[in-house]
1. Within the range 146-159, which residues are outside any loop (DSSP other than H, G, I, E, B) and in contact (Cβ under 8 Å) with a residue 60 or more places away in the chain?
2. Please determine whether any residue of the range 57-73 is on the phi < 0 side of the Ramachandran plot, aliphatic (A, V, I, L, M) and away from the ligand (no atom under 16 Å from the Cβ).
3. Under 7 Å between Cβ atoms, at least 6 apart or on separate chains: pull out the pairs that start in the range 74-90 with a residue that is free of Cβ contacts under 8 Å to residues at least 24 places away in the same chain and end on any residue that is in a helix (DSSP H, G or I).
4. Does the range 162-175 contain any residue that is surrounded by 23 or more Cβ atoms within 10 Å (Cβ to Cβ), assigned to a helix (DSSP H, G or I), within 13 Å of the ligand (Cβ to nearest atom) and of a type outside the set (D, E, K, R)?
5. If I ask for residues that are at pLDDT below 95 and under 30 Å from LEU218 (Cα atoms), which ones from the range 7-50 would you list?
6. Being within 26 Å of GLU35 (Cα to Cα), of a type outside the set (Val, Ile, Thr) and under 19 Å from the mean Cα position of the chain (by Cα) is the filter here, so list the residues in the range 136-155 that pass it.
7. Among what's in the range 284-297 and is crowded, with 24+ Cβ neighbours inside 10 Å and within 12 Å of the ligand (Cβ to nearest atom), pick the residue that is nearest to GLY42 (Cα to Cα).
8. Quick one: what pairs do we get from the range 278-295, first residue under 12 Å from MET243 (Cα atoms), second of a type in the set (Lys, Arg) and modelled with pLDDT under 95, C-beta under 8 Å, 6+ apart or different chains?
Amino acid sequence: MSDVNLHQTLYDAMESARPVIGRGNVADYIPALTEVDPHAFGMALATVDGEVYGVGDWEQPFSIQSVSKLFTLALTLSHGPHGDELWKRVGREPSGNRFNSLVQLETEHGIPRNPFINAGAVVVTDRLHTLTGDAAGAVRGFLRTESGNRHLDTDARVAASEALHGHRNAALAHFLASYGNLENPVETVLDHYYAHCSIAASCRDLALAGGFLARHGLRSDGARLLPRSDAKRINAVLLTCGMYDAAGEFAYRVGLPGKSGVGGGILAVIPGRGTLCAWSPALDPAGNSLAAVHALDAFTTMTGWSVF
Ligand code: GLN
């Protein structure tokens, strides 16, 4: 598809989503997130060779929230066998429960279902912190390098708001610790978890930063971040678990591996072609951006680009 057509297709996808932009609810359990305009919408495509196309508010930073969990997992696995030890401590099955649910942790002896629900992501942050000494710094550094945006940073107000209202995540973390499934102090792990969730980045930044998953493990400069098989595996876990308990619906409608966040962003991977990021803050009941899912659905339907 030519450059003009790609830009036009993004535009058409945005227009197709327009009637539902603002529909749904902005996440309010993190008070700082309620200040965002529910009618904002942006979408960007970064191709495997580094071209970027965007429409709407595609250069406006937003709170990436759980989209960060894709990067914590990839950076952990980039440590080879030391990263792979993670899989003794977290599973790879869809949860069927909300992203911040506690219910399975007790019956499954402190082993979270997958790395993308909150409990699993806390374990990944813990492992990454052991491996790097600075889990949130590792995520920020990676995003800055891959996006070329040196100003990308944690929004300290959002991080503080999350910490202040983070009783559920604190409960999850203490529960994990009670099963011996944290290597670092609970407070340290939560600080880093909040700090990487509260990174502010744009659709442009995230589409570029996720490119390694479309390039089968290669970073933007051609260096290898992950073995090809690990990139495949991350895409598989994204497809089955990246949208919480709406992963089936997202696979049905969009047909791509993807990761959402309660800030309203969704990063989706078109292996071998590129990375799409759509953002609009109002969420559906599962916690995924209603308009972003709609726009991604429209884009893959128009292009036929899907893993199926
Ligand atoms: N930081 C948020 C939380 O821990 C991330 C949730 C999300 O985006 N689904 O609740």
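1. GLU146, SER147, ARG157, VAL158
2. Checked against the condition, which is being on the phi < 0 side of the Ramachandran plot, aliphatic (A, V, I, L, M) and away from the ligand (no atom under 16 Å from the Cβ), the range 57-73 yields no hits at all.
3. ASP84/LEU77
4. Yes: one or more hits.
5. Correct list: ASP49, GLY50.
6. ALA136, GLY137, ARG140, LEU143, ARG144, SER147, ASN149, LEU152, ASP153, ASP155
7. It comes out as SER289.
8. Once the first residue is under 12 Å from MET243 (Cα atoms) and sits in the range 278-295, its partners that are of a type in the set (Lys, Arg) and modelled with pLDDT under 95 give ALA286/ARG98; GLY287/ARG98.
The values are calculated or read from the model by the stated rules, or taken from the named source; none is laboratory data. Small disclaimer: the values here were computed from a predicted structure and weren't measured. All Cβ positions, glycine included, derive from the backbone under ideal geometry; neighbour counts span all protein chains shown.
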